[in-house]
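The values are calculated or read from the model by the stated rules, or taken from the named source; none is laboratory data. This is a predicted model, so every value here is computed, not measured. Backbone-built Cβ (ideal geometry, glycine too); neighbour counts: all protein chains shown.
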Amino acid sequence: MNKVTAAYEKNSKSLLVLRDLLQLAIRQPARFAENEGLLKALRSQGAIAALEIEFEEDGELKRKDRMSTNTLKAHAANVFELGFEGFDALRVGAAEAITGFKNRRESSNKRTKDGLSKRTAELEAQLEQHQMINMVLLQGLSIAIGQFRTIRQDVKPALMEMRAKDAIETLTALVSLNPPPFNSLQPEGQPGPPSHAGQVTKEVDRKVTDLDDYRK
């Protein structure tokens, strides 16, 4: 294996690990609340590219090596469905998830006026984010429906296949805008088993706020 190929594989693997790290930080910010180095790196593209870090996920030790911002940009299209923009959205999301967790934890008493005000602001921000995502999804569905109507009128198999492929790619890209675990679809031809549905339910349960915690 030549040096160019070895470097390419190393950088690609490292970027896959970075993607896993960002998604994990969004799902489980408490794990990284004390990692000031990671939080600082998440604040800029260059810093997260240069970061060297090891972490464990599902019993597997993963390592992200140092790389330049240009290298990250060059490989992003092969790892993130929305390319470098998709990576940057995850970076910002991970930073916000960890910071939000730290702010909630540092509130001495969630039942105080200050604590409730902070939580209300967080919920309003989350609601606004979901409203924006829903608007994009509705626009995308409208585009996809238009593509499917065109497919219905096509008679050439090759043209039908191309339009169907475009519609699928549009919907897949739109789904990826959602926060995990709602940012991916089940692989084609592989219906999700009961365990998959159960995992999603668990993720939803973790994200839903229990208002009893904020009542006196």
Fill in: Failed criterion for Ala97 (all others in (1) loosely packed, with under 15 Cβ neighbours inside 10 Å; (2) modelled with pLDDT of 85 or more hold)
(1)
Fill in: Residue within the stretch 48-55 that is over 23 Å from Glu96 (Cα atoms), under 16 Å from the mean Cα position of the chain (by Cα) and either at pLDDT 90 or above or surrounded by 13 or more Cβ atoms within 10 Å (Cβ to Cβ) (or both) present
no
Worksheet item: Given the structure, is Arg91 surrounded by 19 or more Cβ atoms within 10 Å (Cβ to Cβ), in contact (Cβ under 8 Å) with a residue 60 or more places away in the chain, of a type in the set (D, E, K, R) and closer than 30 Å to Leu123 by Cβ?
Response: yes
Discussion item. Exactly one of these conditions fails for Lys64: (1) exposed (fewer than 15 other Cβ atoms within 10 Å of the Cβ); (2) within 30 Å of Ala7 (Cβ to Cβ); (3) basic (Lys, Arg). Give me its number.
Written reply: (1)
Discussion item. When you scan the stretch 29-40, do you find a residue that is of a type in the set (S, T, N, Q) and farther than 14 Å from Ala97 by Cα, even just one?
Written reply: no
Fill in: Members of the stretch 129-173 that are among the charged types (D, E, K, R) and part of a helix (DSSP H, G or I)
Arg149, Arg152, Glu161, Arg163, Lys165, Asp166, Glu169
Item to complete: Restricting attention to the stretch 57-82, report how many residues are more than 18 Å from Gly46 (Cβ to Cβ) and among the aromatic types (Phe, Trp, Tyr).
Response: 0
Worksheet item: In the set Gln23, Gln28, which member is buried (at least 18 other Cβ atoms within 10 Å of the Cβ) and either assigned by TED's automatic domain parsing to the domain that holds Phe101 or of a type in the set (Gly, Ala, Ser) (or both)?
Response: Gln23
